[in-house]
Amino acid sequence: MTIANTVTQLIGNTPLVRLDHVADGVEATIAVKVEYLNPGGSSKDRIAARIIDAAEREGRLRPGGVIVEPTSGNTGVGLALVAQQKGYRTIFVVPDKVSESKRAVLRAYGAEVVVTPTDVEPSDPRSYYAVSDRLAATIPGAFKPNQYSNPNGPASHYATTGPEVWNATDGEVTHFVAGIGTGGTISGTGRYLKEVSNGAVTVVGADPEGSIYSDPEHVHGYLTEGVGEDFYPAAFDRSVVDDIVQVGDAEAFAMTRRLATEEGLLVGGSSGMAVAAAIRYARDHHLPQAATVVVLAPDSGRGYLDKIFDDGWMIDHGFADVVAETSQPSLVD
Ligand code: PMP
């Protein structure tokens, strides 16, 4: 019998697929780890499972408990599905730049969603950090996972994503590329791959233009969701990362659209960003045929149908060139 007892047992063990068309001119193998095949649709299911297990073990989450977290969506989905299976309620605080469709997904899992303004300082009482702190302090039995500082985030990737990449490539992986949000993915996976390969695997971060990681002097707003920060989270271990490649919104969104139309991979903007970074890195470093570059694609494009995949939205946000470059001529008069 291979019937899972609960949906949480379906987390992880996501497949790798080789890129063909979009990696034109690159000799190395570029393989994408397709994290939208997790049951909640993103890599964040992994951290949710481990964070909740650890909180139960440590007595920070007890029967009747409520999970309160500021999250841009994916972590919420992961936490919501693991929490409901274990009988906990969930409240998520999200900035208003997060699309209505993402919020609707959280509600569909039975979570409560509180929307806060994006354009305020983290110290502002209306900020999503402040609102979630207040809720966590006042609701009885509340537990705030804090994915930015919770060591179980990187630990989940050390325990699952890292070994999966190593085993699926029979230890042939030479480079690992991932976007950096909390830094959990790259820190945990990168640390495992470096340890198991005795330092032979090169770990490359992908970062949006405007984020602190690649250019602390020029922090500004950008539209790629889930990656980049304006502060250094504790979940991010910079020492694991060998190089950081900066990718602008236009390049990230163009690659996101090409992955859907040319590779059949409907992924989110941070996946397009990571793939664009991997391809540029492979080209710039003339990586040979023997190199195997694994890129982690965190989530599905379904959450961005009204943004990156909507020509009107793209044009309104200054990406008319990207639309022209990535659209196919109509076959219908
Ligand atoms: N992409 C998306 C869409 C995400 O939601 C996240 C998580 N914030 C990331 C990338 C980055 O992953 P991490 O937090 O592990 O650095």
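A short reminder: the numbers here are calculations on the coordinates, not readings from a lab. It should be emphasised that the depicted structure is a prediction, and the values quoted were computed from it without experimental measurement. A quick note on method: Cβ atoms are made from the backbone with ideal geometry, for glycine too, and the neighbour counts reach across all protein chains shown.
The simple Förster model, with R0 at 35 Å and r as the Cβ-Cβ distance, assigns L10 and E262 a FRET efficiency of 0.80. Put a plus charge on the Cβ of each Lys and Arg, a minus charge on the Cβ of each Asp and Glu, and nothing anywhere else: the dipole of the chain about its Cα centre is then about 1560 debye. In the chain, the DSSP-assigned H stretches of four residues or longer account for a calculated mean residue ellipticity at 222 nm of -10500 deg cm²/dmol, using -39500 (n - 2.57) per stretch and the full residue count as denominator.
Between the beta carbons of H317 and E100, assuming R0 = 22 Å, the FRET efficiency works out to 0.85 to the nearest 0.05.
If only the Cβ of Lys and Arg carry +1 and only the Cβ of Asp and Glu carry -1, the dipole of region 63-140 around its Cα centre is close to 320 debye. The distance separating the Cα centre of region 231-280 from that of region 127-169 comes to 21 Å.
From the alpha carbon gyration tensor of the chain, can you work out the equivalent ellipsoid semi-axes (sqrt of 5 times each eigenvalue) and give them in Å, largest to smallest? Walk me through the intermediate numbers first.
Details: eigenvalues 183, 116, 75 Å².
Ellipsoid half-lengths, sorted descending, are 30, 24, 19 Å.
Quick one: work out the % antiparallel among DSSP beta bridges in the chain, nearest 5. Display every interim value, and only then the final one.
Values: 5 of 36 bridges.
Of all bridge pairs located within the chain, approximately 15 percent are antiparallel.
Label region 37-195 by shape, choosing from rounded, prolate and oblate, from the square roots a ≥ b ≥ c of the eigenvalues of the Cα gyration tensor; if a/c is under 1.5 it is rounded, and otherwise prolate applies when a/b is larger than b/c, oblate when it is not. Taking the square roots of the gyration eigenvalues as a ≥ b ≥ c, region 37-195 is prolate. For helix 128-138, report the angle its Cα long axis makes with the longest principal axis of the Cα atoms of the chain; keep it between 0 and 90° and round to the nearest 10°. On a 0 to 90 degree scale, this one is about 20. Label-to-label distance for E121 and H285 is 3.9 nm, based on points extended 7 Å past Cα in the beta-carbon direction. Rounded if a/c is under 1.5, else prolate if a/b beats b/c, else oblate: with a ≥ b ≥ c from the C-alpha gyration tensor eigenvalues square-rooted, which is region 63-140? Judged from the Cα gyration tensor, region 63-140 comes out oblate (a/c at least 1.5, b/c at or above a/b).
Based on the Cβ-Cβ distance from T138 to S327, what FRET efficiency comes out when R0 is 41 Å, to the nearest 0.05? Before the final figure, lay out each step's value.
Numbers: r = 50 Å, r/R0 = 1.21.
E between T138 and S327, to the nearest 0.05, is 0.25.
The distance between label points at D20 and K86 comes to 4.2 nm (points 7 Å beyond Cα on the Cα→Cβ vector).
On a 0 to 90 degree scale, rounded to 10, what angle separates helix 269-284 from the longest Cα axis of the chain? Roughly 40 degrees, rounded to the nearest 10. Can you find, among A54, V34, V68, the residue sitting farthest towards the positive end of the charge dipole of region 1-123, where Lys and Arg contribute +1 and Asp and Glu -1 at Cβ? Comparing the listed Cα positions along the dipole, A54 ranks first.
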